[in-house]
Amino acid sequence: MKRISLLLVAVFLSACGPPPEPAGITFVHLNDTYRVGAVEDGNAGGFSRVVTLVRELQDEGRDVRILHGGDFLYPSLESQLWNGLQIVDAFNFMDAVAPLYAVSGNHEFDRRGPEQLIAAVRASEFDWLGDNYTFKTGAADVDNALQRAFTFEAAGRKVGVFALLLHPDDGGNERDYLEYTGDYVAVAEDTIRMLEAKGVDLVIGVTHLHMWQDVELAGLKAKYPKLAFIVGGHEHEPEYSEGSDDAAVVMKGASNARIVWAIDVDFDASGQATVNERKVVLDRSIAFDPDYEILANKWRSRLLEKFPFLEARVGTASVPLDSREVTVRNEESNWGNFIADQMRGAFRDGKADLAFINGGTLRIDDFVEGDILFEDIGRTFGFSSYLRKTTLTGAEFREVLEAGYRGDGPSKGYFPQVSGFRVCIDRSRNSGDRIVSLQVPVEEGWQEISDEAEYSIVVPDYLYRGGDGYDIPKDRPATPPGSELKYLVLDGILAAQAMGEQIGAPVDPANPRFEQLSQDNDRCFD
Ligand SMILES: [Zn+2]
């Protein structure tokens, strides 16, 4: 009798095949997210779509973890009211669906004092990670909440994380309530050794650094083969560096979860991990999660309670004004043109010759189309931006402006939107020597800027003070910071509205403000 039942069990097992392998881990990675809702008029990105993706992966049996590469509390329209607590609420929602682990980005420390960070960390149910920095807020519960050499169990495996944040020397925020320790590679190595001592099966890096720094860290895989991948933030368009035996794969997504990464990690019988990564575009083909939408609607209602005028029309756009991050950080934007044009008229003593603004100041990540709402202005300027006027010689200006075209890769927050001049660059040349032609208007057309002549120029105070790598000479008179850009732009729109005029013009390919040489285009302004 016993024998027969055992036989039956054996037959039954063979009919079903071998027992299923335990499913592996899938990491969903996002970075640089500022909105509770989606962008591009609801058509792109957003946490609601992230939740849908996570639930689909869970339905496939994957053990899902959400990783965030930093920059989420600020800046945004909502952050001016709630200091990022609206994003903490959204992260807590996601954390309940699949555990979320986040490294701080520089923007988590936009506020000068620690009070808002204390509130954000206390409200967080997800984990804050950091190995090269510590919180010194004076609130012990908050300072101790930051996880170092963090480990967690997933799919029956122990995973260790090192988490690194941009140092003030590289563009990070310097604050009294924040302390940085050591260099990135040394801290990563120390942390990996601690994690290995804890017996982890796998090591991953979650960072908020420049891409080249992540690529350097990826080389640690040669020495520490358990290092599977590094995911990061700070850049706003996707970045990728291929993996090998000697280098971990490096990935960054697009801002506002327009593009995220899904990274499968599976283990064979010997415990060897294989990593399979894929980019996931979160567009209209991915539905909103109905439960998350309740949260999103709650914050929308609160916003409208605070700013009942938000949906009021202040003007009309003559053409779609492209203020998507992929545009304002890479090329000429007609919304950027309008804003830079307004800047030249910011001060009473006449219109300045030149103006420029870093594309990273423009945060709306959307088209401004048809009716221009107060909300479009509020979302474009996620923080206050005061302007200054000074003078530069043509030669000085050329040197200052080179900073806007330095570095490699797509999407730079320092990429300038300009007015009063046109510029042509060659990216095949070395950083600092890429401007081929820099021209100003004259009566009959354009001519190369004069090295010796003095030009008046308006820039945001942030850039005047050396922000985003612009080194503006300070040995001549400059106005104090004045004229808040948000209201200057609103003023320009209202003035046009009063005249019955529409705002904006298409970027004119025959008369561009910015041009880039390439194989198909070897002459400037031709
Ligand atoms: Zn950042």
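The values are calculated or read from the model by the stated rules, or taken from the named source; none is laboratory data. From a predicted model like this one, the values you see are computed outputs, not experimental measurements. We place every Cβ from the backbone using ideal geometry, glycine too, and count neighbours over all the protein chains shown. To get the accessible areas, we keep the full protein, side chains included, count just its heavy atoms, and leave off ligands, DNA and RNA. Shrake-Rupley method; radii C 1.70, N 1.55, O 1.52, S 1.80 Å.
Which pairs have Cβ atoms under 9 Å, sit 6 or more apart or on different chains, and link a residue in segment 201-214 that is farther than 22 Å from Thr151 by Cβ to one that is assigned to a strand (DSSP E or B) and not polar (S, T, N, Q)?
As it stands, the answer is His210/Gly232; Met211/Gly232; Met211/Glu239; Met211/Val250; Met211/Lys252; Gln213/Leu164; Gln213/Gly232, since those pairs meet every condition given.
So, Gly205, is that one more than 20 Å from the chain's Cα centre (by Cα) and modelled with pLDDT of 95 or more or not?
Numbers: more than 20 Å from the chain's Cα centre (by Cα): no; modelled with pLDDT of 95 or more: yes.
Considered against the rule, which asks whether it is more than 20 Å from the chain's Cα centre (by Cα) and modelled with pLDDT of 95 or more, Gly205 comes out as no.
If you go through segment 369-413, how many residues are touching a Pro at 6+ places or on another chain (Cβ under 7 Å) and among the basic types (Lys, Arg)?
Residues flagged as touching a Pro at 6+ places or on another chain (Cβ under 7 Å) and among the basic types (Lys, Arg) within segment 369-413 amount to 1.
What residue, among those in segment 146-156 that are within 11 Å of Val203 (Cα to Cα) and either free of Cβ contacts under 8 Å to residues at least 12 places away in the same chain or not in a loop (DSSP other than H, G, I, E, B) (or both), is most open to solvent (accessible area, probe 1.4 Å)? First the steps, then the outcome.
Going through segment 146-156, the residues within 11 Å of Val203 (Cα to Cα) turn out to be 149-152.
Keeping just the survivors that are either free of Cβ contacts under 8 Å to residues at least 12 places away in the same chain or not in a loop (DSSP other than H, G, I, E, B) (or both) gives 150-152.
Working: Phe150: 22, Thr151: 42, Phe152: 16 Å².
Applying the filter and picking the extreme gives Thr151.
Consider Thr181 against the criteria (1) away from the ligand (no atom under 15 Å from the Cβ); (2) open to solvent by 10 Å² or more (accessible area, probe 1.4 Å); (3) modelled with pLDDT of 95 or more: it satisfies all of them except one. Which criterion is unmet?
(3)
Can you go through Val88, Val103 and tell me which one is under 21 Å from Phe288 (Cα atoms) and aliphatic (A, V, I, L, M)? Step through it out loud before you land on a result.
Working: Val103 fails: under 21 Å from Phe288 (Cα atoms).
Of Val88, Val103, the one residue that is under 21 Å from Phe288 (Cα atoms) and aliphatic (A, V, I, L, M) is Val88.
Among the residues of segment 161-170, are any surrounded by fewer than 18 Cβ atoms within 10 Å (Cβ to Cβ) and either within 14 Å of the ligand (Cβ to nearest atom) or among the hydrophobic types (A, V, I, L, M, F, W, C) (or both)? Reasoning before the result, please.
If we filter segment 161-170 for residues that are surrounded by fewer than 18 Cβ atoms within 10 Å (Cβ to Cβ), which is where we start, we get 168-170.
Okay, now just the ones that are also either within 14 Å of the ligand (Cβ to nearest atom) or among the hydrophobic types (A, V, I, L, M, F, W, C) (or both), so 168, 170.
Yes, segment 161-170 contains a residue that is surrounded by fewer than 18 Cβ atoms within 10 Å (Cβ to Cβ) and either within 14 Å of the ligand (Cβ to nearest atom) or among the hydrophobic types (A, V, I, L, M, F, W, C) (or both).
Yes/no per residue for (1) exposed (fewer than 14 other Cβ atoms within 10 Å of the Cβ); (2) charged (D, E, K, R):
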position	(1), (2)
Asn276	yes, no
Ala287	yes, no
Arg300	no, yes
Ser323	no, no
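Within segment 193-218, can you find the residues that are open to solvent by less than 10 Å² (accessible area, probe 1.4 Å), aliphatic (A, V, I, L, M) and out of contact with any His (no Cβ under 8 Å at 6 or more places or on another chain)?
Listed by number, the residues that qualify are Leu195, Val200, Leu202, Val203, Ile204, Leu217, Ala218.
Which number in (1) out of contact with any Phe, Trp or Tyr (no Cβ under 6 Å at 6 or more places or on another chain); (2) touching a residue at least 24 places away in the same chain (Cβ under 8 Å) marks the one condition that Ala197 misses?
Looking at each condition in turn, Ala197 falls short on (2).
Tally the residues that are open to solvent by less than 40 Å² (accessible area, probe 1.4 Å) and of a type in the set (D, E, K, R), restricting the search to segment 389-441.
Residues in segment 389-441 being open to solvent by less than 40 Å² (accessible area, probe 1.4 Å) and of a type in the set (D, E, K, R): 6 in total.
Specify the residue that is nearest to the ligand (Cβ to nearest atom); the eligible residues are those in segment 221-264 that are outside any loop (DSSP other than H, G, I, E, B) and open to solvent by 40 Å² or more (accessible area, probe 1.4 Å).
Ranking the candidates gives Tyr240 first.
On the basis of being part of a helix (DSSP H, G or I), more than 16 Å from the ligand (Cβ to nearest atom) and open to solvent by 30 Å² or more (accessible area, probe 1.4 Å), does Asp190 make the cut?
Details: part of a helix (DSSP H, G or I): yes; more than 16 Å from the ligand (Cβ to nearest atom): yes; open to solvent by 30 Å² or more (accessible area, probe 1.4 Å): yes.
It is true that Asp190 is part of a helix (DSSP H, G or I), more than 16 Å from the ligand (Cβ to nearest atom) and open to solvent by 30 Å² or more (accessible area, probe 1.4 Å).
Based on what the data block shows, is Pro480 surrounded by fewer than 18 Cβ atoms within 10 Å (Cβ to Cβ) and closer than 23 Å to Asp169 by Cα?
Values: surrounded by fewer than 18 Cβ atoms within 10 Å (Cβ to Cβ): yes; closer than 23 Å to Asp169 by Cα: no.
Criteria not met by Pro480.
Could you please tell me which pairs satisfy a Cβ distance under 8 Å, a separation of 6+ or placement on different chains, a first residue in segment 492-512 that is touching a residue at least 12 places away in the same chain (Cβ under 8 Å) and within 14 Å of Ser318 (Cα to Cα), and a second residue that is open to solvent by 70 Å² or more (accessible area, probe 1.4 Å) and assigned to a loop (DSSP other than H, G, I, E, B)?
If the second residue must be open to solvent by 70 Å² or more (accessible area, probe 1.4 Å) and assigned to a loop (DSSP other than H, G, I, E, B), the pairs left are Ala496/Gln502.
State all residues of segment 271-284 that are assigned to a loop (DSSP other than H, G, I, E, B) and within 17 Å of Gly253 (Cβ to Cβ); if no residue qualifies, say none.
The first filter runs over segment 271-284 and keeps only residues assigned to a loop (DSSP other than H, G, I, E, B), leaving 271-272, 282-284.
Answer for segment 271-284, where residues must be assigned to a loop (DSSP other than H, G, I, E, B) and within 17 Å of Gly253 (Cβ to Cβ): Leu282, Asp283.
What do you reckon, is Leu100 within 16 Å of the ligand (Cβ to nearest atom) and surrounded by 22 or more Cβ atoms within 10 Å (Cβ to Cβ)? Write out each step before concluding.
Values: within 16 Å of the ligand (Cβ to nearest atom): no; surrounded by 22 or more Cβ atoms within 10 Å (Cβ to Cβ): yes.
Taking the combined requirement at face value, the residue does not satisfy it.
How many of the residues making up segment 435-452 are of a type in the set (Gly, Ala, Ser) and modelled with pLDDT of 95 or more? Write out each step before concluding.
Within segment 435-452, the first condition is being of a type in the set (Gly, Ala, Ser), and the residues that meet it are 437, 445, 450.
Now narrow it down to the ones that are modelled with pLDDT of 95 or more: 437, 450.
Within segment 435-452, residues that are of a type in the set (Gly, Ala, Ser) and modelled with pLDDT of 95 or more number 2.
Scanning for something in a helix (DSSP H, G or I) and within 24 Å of the chain's Cα centre (by Cα), does segment 423-435 turn up at least one residue? Talk me through it step by step, then tell me what you get.
If we filter segment 423-435 for residues that are in a helix (DSSP H, G or I), which is where we start, we get none.
Scanning segment 423-435 turns up no residue that is in a helix (DSSP H, G or I) and within 24 Å of the chain's Cα centre (by Cα).
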